[in-house]
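One structure is given here, and the rest of the page talks about it.
The values are calculated or read from the model by the stated rules, or taken from the named source; none is laboratory data. A quick note: this is a predicted structure, and the numbers were derived from the prediction, not measured. These accessible areas exclude ligands, DNA and RNA; they are computed on the full protein's heavy atoms, side chains included. Shrake-Rupley method; radii C 1.70, N 1.55, O 1.52, S 1.80 Å.
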Amino acid sequence: MFKILLNSCLAAAGILSLSLSSSAATESVQLSDRLQKLVEADRPLVIAHRGYSMAAPENTIPAFELALLANADLVELDYYHSSDGVPFSFHDGTLNRTSNAESLWNESRIPTASKTWAELEKLDVGSWFGSQFSGAKIPTLAESLDAIQPGSITLIERKQGDPETLIHLLKEKEILNDVIIQAFDWKFITECNELAPGAVLGALGPPRRADGTAYPVEERFLNADFLDQIEKTGANVVGWNRQVTPEAIEDAHRRGLRVWVYTINDLDLAVRLLDMGVDGIISDNPAMVWKAIATR
């Protein structure tokens, strides 16, 4: 199934290249053996959300290390760029909830991308979670990848930043073929597919409307229209909230797409979603996902 999907991605990239300048053709990404096996796995995947974020402060090295100990198939993280261009692991659009930024700078609702890396390095992102994590620092994206990749595969969620910088970093570290990139911004995913055809990409949803407004709750279920749009991005994976149905999952599978569901921390719900046929569960508690799989 995945080879067919890769071929379709390459075909899409070929079509897109007709409208681009006459630069040299982009070389297709050849997946690592372990990533190829993972995306073709015949069992649901266990995906640690922001690391093992139920046991350690999210998007920190301790959370990533605990996710490895939990044997997560994938370790998800989020990243932004500092105001001077350094990609770093962080989730929120403001710094205040998970750091001491407010007390340090006496500001409220500080935009995450508004500070230089030298300023961000000063923050404590562990104390809010527990005193045992006091002094934990924001890791750069590069440091996060170094912590995760030896023991798992990184699921990189782009919150803010251009695709060129990310693809360049992954090529420089020689792991473009051994990670997965996802985003709610489907234009970003399309651009990643153009830059790195054959890379494993995930389209997160539900998206917003073209005018930037949110769909009503009842219209956020995964459906054929959303899947049509996702196919055009070159994505291999659909990352959705719990608003999925067995019919939509079957439709995605017919198209060669995997369906991963976020952020599931309830055992009974996890089991129900597995019964529907989802291919992976993203959770703050990866041990719970293993239990759900064992329960079934």
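Here are the numbers for the structure shown:
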{"quantity": "Whole-Hz ³J(HN,Hα) from phi, Karplus 6.51 cos²θ - 1.76 cosθ + 1.60, for segment 238-244, glycine and proline x", "calculated": "9, x, 10, 6, 6, 7, 10"}
{"quantity": "Axial C-alpha extent at least 15 Å, average Kyte-Doolittle at least 0.0 - helices from the chain (DSSP)", "calculated": "2-17"}
{"quantity": "Heavy-atom accessible area per residue - segment 40-173, 1.4 Å, Å²", "calculated": "41"}
{"quantity": "Portion, in percent, of the accessible area of segment 249-290 that falls on carbon or sulfur, probe 1.4 Å", "calculated": "46"}
{"quantity": "Kirkwood hydrodynamic radius of segment 125-167, Cα pairs, Å", "calculated": "12.4"}
{"quantity": "The chain - mean residue ellipticity at 222 nm from DSSP helices (-39,500 (n - 2.57) per run, n ≥ 4, rounded to 500)", "calculated": "-10500 deg cm²/dmol"}
{"quantity": "Rounded D (µm²/s) - segment 199-280, Kirkwood Rh over Cα pairs, Stokes-Einstein at 25 °C, 0.890 mPa s", "calculated": "189"}
{"quantity": "Cα-based shape type of segment 117-231, given that a ≥ b ≥ c are square roots of the gyration tensor eigenvalues and the cut on a/c is 1.5", "calculated": "oblate"}
{"quantity": "Distance from segment 143-168 to segment 48-110 (C-alpha centre basis), Å", "calculated": "13"}
{"quantity": "Rg/Rg_globular for the chain, with Rg_globular taken as 2.2 N^0.38 Å and Rg from C-alpha atoms", "calculated": "0.98"}
{"quantity": "Equivalent ellipsoid semi-axes, segment 145-296, via Cα gyration tensor eigenvalues times 5, rooted, Å", "calculated": "25, 21, 13"}
{"quantity": "Convex hull volume per residue for segment 75-169, taking Cα atoms only, in Å³", "calculated": "97"}
